[in-house]
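First comes the structure, then the notes that go with it.
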């Protein structure tokens with residue numbers, strides 16, 4: 001069942017430690033097959049060294065296990081909410097990568113300070129509001145997803161392909177699980193550079209809007225001219 | 001004598017440089033056999049490259065060498081005090097890892113800023129009081145252990161599986177020597193992220209209690225649902 | 001066509017990820033053949049893992065592709081302007097390396113704090129003025145080059161072999177593409193150390209002029225005595 | 001001539017990049033044969049990848065080349081002064097390692113904040129005064145050595161086996177070239193942790209004298225009990 005997607009999701013998960021985004025088992029990637037409405041996700045708490053493509057768990061959009069011998073990631077319901085609410089995405093990644101998690105813990109959105117940021121995220125990378133006590137004691141992982149969706153009510157998830165969950169860590173997404181991994185790699189580096197930028201100049205201001213606009217369109221606009229056609 | 005434990009302790013020691021927790025010889029791991037009351041520890045000042053499972057030294061709970069040709073770690077008596085006072089632990093690790101040692105040198109406990117922390121340490125990671133001149137000039141390593149035990153009078157060592165010895169560095173423990181190593185890896189990353197969090201937002205506040213509670217119980221409570229059963 | 005130069009430029013590009021100067025595809029190196037007035041540059045947005053010497057694109061000094069199946073780097077026109085304006089250079093490198101980009105985002109020039117800096121860059125490493133909205137909406141990449149040339153009106157590009165483009169990142173150059181890569185490696189480390197120096201002493205002052213002068217001449221003056229003859 | 005020492009010095013030099021202490025060619029190690037009064041040092045500006053034990057240059061204590069086809073390190077006269085003035089040392093290392101150089105550039109001595117420091121350096125690691133314009137324009141490298149010797153008039157070079165040359169970088173030494181390399185590794189980590197300690201607590205105070213004393217004697221005193229006998 002969904003053998004190719006399992007292999008793709010497996011490889012995407014293995015890219016997380018390879019890119020220094022996870023300590024121990026602190027990360028998970030998933031990919032969805034939009035035709036069947038089923039997504040494939042890493043099993044919970046399994047060492048990356050011992051992971052096998054066949055360990056991947058198949059879930060439906062309510063987060064129920066459809067196939068697999070292992071429990072899916074404890075964050076499965078958050079992934080499910082994102083797939084239900086953002087119909088254009090087909091991959092989701094969650095990590096506790098060092099700099100992105102530090103920004104999430106700080107409660108601040110990441111200001112757009114330069115073109116590296118603008119090439120991938122259109123405007124600041126938003127830090128979500130904290131969950132209420134009721135949301136945490138209720139269906140916690142589902143509510144985590146709902147808080148992200150609430151925070152993106154006025155945003156295009158493909159123009160801002162990731163966010164910081166307050167006191168928790170980053171979630172990214174994309175048109176494929178591989179894109180979602182790329183956005184996690186990029187988000188970590190943007191978070192690192194933004195912190196360093198403020199360390200070097202504590203009164204630094206955001207990059208001008210017209211520069212942000214230009215770089216976003218250079219890569220993603222109708223007349224994009226970055227990369228091969 | 002205790003061949004399996006020696007191998008386990010050897011492997012745990014080798015994980016310390018592999019996870020960038022030690023410079024030169026600055027670290028040691030031990031594991032105890034609770035039936036015999038004997039523990040196995042790294043020899044003092046030996047290069048990790050030259051370490052052999054058979055070099056591991058067997059000590060009793062007073063820190064006397066029971067078997068082994070080499071001197072045990074100079075911190076052996078601290079390990080012994082922890083094993084005597086915390087009956088539920090079976091492994092202890094000491095390192096001078098960079099961020100945890102920096103917090104220990106700063107004299108501050110590590111505030112709980114997020115779920116990564118709450119998943120493993122229930123509340124702040126406490127920095128112990130400094131030893132007095134008398135304690136240092138007396139049985140220094142034993143007194144180091146006693147200061148930790150004093151600082152944990154009101155704490156469950158399994159809920160807070162590590163600490164910072166002021167002006168010195170981290171000690172962690174766990175149900176096995178492998179768990180103790182994991183807690184050293186985690187502590188280092190938590191210390192790094194807490195410093196970065198404060199760098200990004202100098203007025204940051206602790207994560208709310210109900211979030212800390214939720215995450216700790218998600219992994220360690222009676223209804224834990226992280227990882228495989 | 002220009003086979004040796006293609007190989008040299010290919011190798012120079014591969015040194016960028018090997019020296020931790022690029023994330024994903026964020027970098028490009030070029031080298032010029034001054035006799036023909038043609039330069040060779042990396043194709044746009046291609047993974048370093050998949051790069052082949054034969055993928056290198058040959059351009060003329062107006063940035064037109066003379067040979068090659070792929071689009072050249074989106075920064076090609078910036079390289080072209082630098083080659084046209086600085087006749088003594090034969091290699092150009094652009095990266096988004098972490099510390100240099102952070103300085104560029106901060107809008108500050110890098111003060112000369114020590115001999116490591118003075119050995120390679122004579123005086124501060126200048127951060128250029130930001131491009132105007134008109135310059136960005138016009139021929140953006142060409143205007144980026146022109147802003148650099150404007151900022152170097154009173155400077156010798158071989159004595160200051162690199163710069164920071166505001167809100168963007170570093171450009172370096174040299175007598176060969178290999179020299180340009182070396183200057184990118186050096187610039188990143190100088191930027192890191194300058195930030196750390198200010199972190200350690202926020203009131204630090206520049207190194208004295210006579211020390212800067214001495215070190216620059218020790219390596220580059222008529223009586224240079226660093227390295228082999 | 002001095003084949004064994006050449007091999008030892010070669011291996012010590014190769015440990016510098018292996019321990020991330022040098023960028024490009026920014027480092028050199030030497031060792032002396034006290035019987036003949038000759039020392040062996042790395043040639044100037046040669047890539048570590050291309051270094052060969054036979055490239056090592058033999059010099060006398062005035063810094064004159066006695067054997068070797070290549071120019072010795074440009075810092076040779078500084079090494080010579082240290083060997084002449086500190087009769088108990090037999091190895092010297094100079095690097096531009098990142099954190100130690102940042103402290104040297106900041107102009108501050110490194111305060112003793114913990115036992116890691118006290119295990120190897122008795123008290124603060126001193127930053128030397130800057131050289132005067134006359135000293136720089138005269139015999140610069142020899143004067144660099146003399147400024148170090150002046151700064152150690154009241155210090156035991158074996159109890160404080162290294163220093164920071166202001167606006168320049170670290171020099172370390174030891175009873176052998178291998179010891180000198182170890183002290184460079186240790187100094188870099190102490191500098192990193194001291195900066196981080198001050199980042200975490202800007203009002204931090206030095207470790208108490210009795211703790212510093214205890215740790216230094218635990219490793220180096222007449223009743224030392226660290227390591228094997």
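Odds and ends about this structure:
- Boolean, residue C:163 is under 14 Å from the mean Cα position of the chain (by Cα), farther than 30 Å from residue D:51 by Cβ, modelled with pLDDT of 95 or more and away from chain D (no Cβ under 11 Å): yes
- Scanning segment C:102-117 for residues that are farther than 16 Å from residue D:97 by Cα, more than 7 Å from chain A (Cβ to nearest Cβ) and either touching a helix residue (DSSP H, G or I) at 6+ places or on another chain (Cβ under 7 Å) or crowded, with 24+ Cβ neighbours inside 10 Å (or both) yields C:110, C:111, C:112.
- Within segment D:59-70, the set of residues being touching a residue at least 12 places away in the same chain (Cβ under 8 Å), surrounded by fewer than 21 Cβ atoms within 10 Å (Cβ to Cβ) and outside any loop (DSSP other than H, G, I, E, B) comprises D:60, D:66, D:67.
- Residue match in segment D:45-58 (condition: touching a residue at least 60 places away in the same chain (Cβ under 8 Å) and touching a helix residue (DSSP H, G or I) at 6+ places or on another chain (Cβ under 6 Å)): no
- Unmet criterion (only one of (1) buried (at least 16 other Cβ atoms within 10 Å of the Cβ); (2) touching a strand residue (DSSP E or B) at 6+ places or on another chain (Cβ under 9 Å); (3) in contact (Cβ under 8 Å) with a residue 60 or more places away in the chain; (4) not in a strand (DSSP E or B)) for residue C:99: (2)
- One residue stands out among those in segment A:21-39 that are under 30 Å from residue B:120 (Cβ atoms) and without any contact (Cβ under 8 Å) to a residue 40 or more places away in the chain: the one that is surrounded by the fewest Cβ atoms within 10 Å (Cβ to Cβ), which is A:24.
- Among residues of segment A:9-40, those that are in contact with a strand residue (DSSP E or B) (Cβ under 6 Å, 6 or more places away or on another chain) and part of a helix (DSSP H, G or I), counted: 4
- So residue A:178, is it more than 10 Å from every other protein chain (Cβ to nearest Cβ) and either in contact (Cβ under 8 Å) with a residue 12 or more places away in the chain or over 18 Å from residue A:91 (Cβ atoms) (or both): yes
- Test for residue B:79: is it away from chain D (no Cβ under 14 Å) and in contact (Cβ under 8 Å) with a residue 40 or more places away in the chain: yes
- Looking only at residues of segment A:188-202 that are touching a residue at least 60 places away in the same chain (Cβ under 8 Å) and at the interface with another protein chain (Cβ under 7 Å from one of its Cβ atoms), we find that the one that is farthest from residue A:17 (Cα to Cα) is A:197.
- Unmet criterion (only one of (1) part of a loop (DSSP other than H, G, I, E, B); (2) within 14 Å of chain C (Cβ to nearest Cβ)) for residue A:131: (2)
- Boolean, residue B:111 is touching a residue at least 60 places away in the same chain (Cβ under 8 Å) and more than 17 Å from the chain's Cα centre (by Cα): yes
- All told, residue B:185 meets the bar of being touching a helix residue (DSSP H, G or I) at 6+ places or on another chain (Cβ under 9 Å), within 30 Å of residue A:141 (Cβ to Cβ) and within 14 Å of chain A (Cβ to nearest Cβ).
- From the list B:85, B:73, B:98, the lone residue that is in contact with a helix residue (DSSP H, G or I) (Cβ under 7 Å, 6 or more places away or on another chain), within 10 Å of chain D (Cβ to nearest Cβ) and on the phi < 0 side of the Ramachandran plot is B:98.
- For segment C:169-188, the count of residues that are touching a strand residue (DSSP E or B) at 6+ places or on another chain (Cβ under 6 Å), part of a loop (DSSP other than H, G, I, E, B) and at pLDDT 95 or above is nonzero.
- Within segment C:216-229, residues that are more than 7 Å from chain D (Cβ to nearest Cβ) sit with their Cβ atoms under 9 Å from residues that are loosely packed, with under 13 Cβ neighbours inside 10 Å and part of a loop (DSSP other than H, G, I, E, B), at 6+ positions apart or across chains, in these pairs: C:216/C:159; C:217/C:223; C:220/C:159.
- When residues of segment D:139-160 are limited to those that are touching a residue at least 24 places away in the same chain (Cβ under 8 Å) and within 14 Å of another protein chain (Cβ to nearest Cβ), the one surrounded by the most Cβ atoms within 10 Å (Cβ to Cβ): D:144
The values are calculated or read from the model by the stated rules, or taken from the named source; none is laboratory data. Because the structure is a prediction, the values reported are computed rather than measured. Note that each Cβ is placed from the backbone with ideal geometry, even for glycine, and that neighbours are counted across all protein chains shown.
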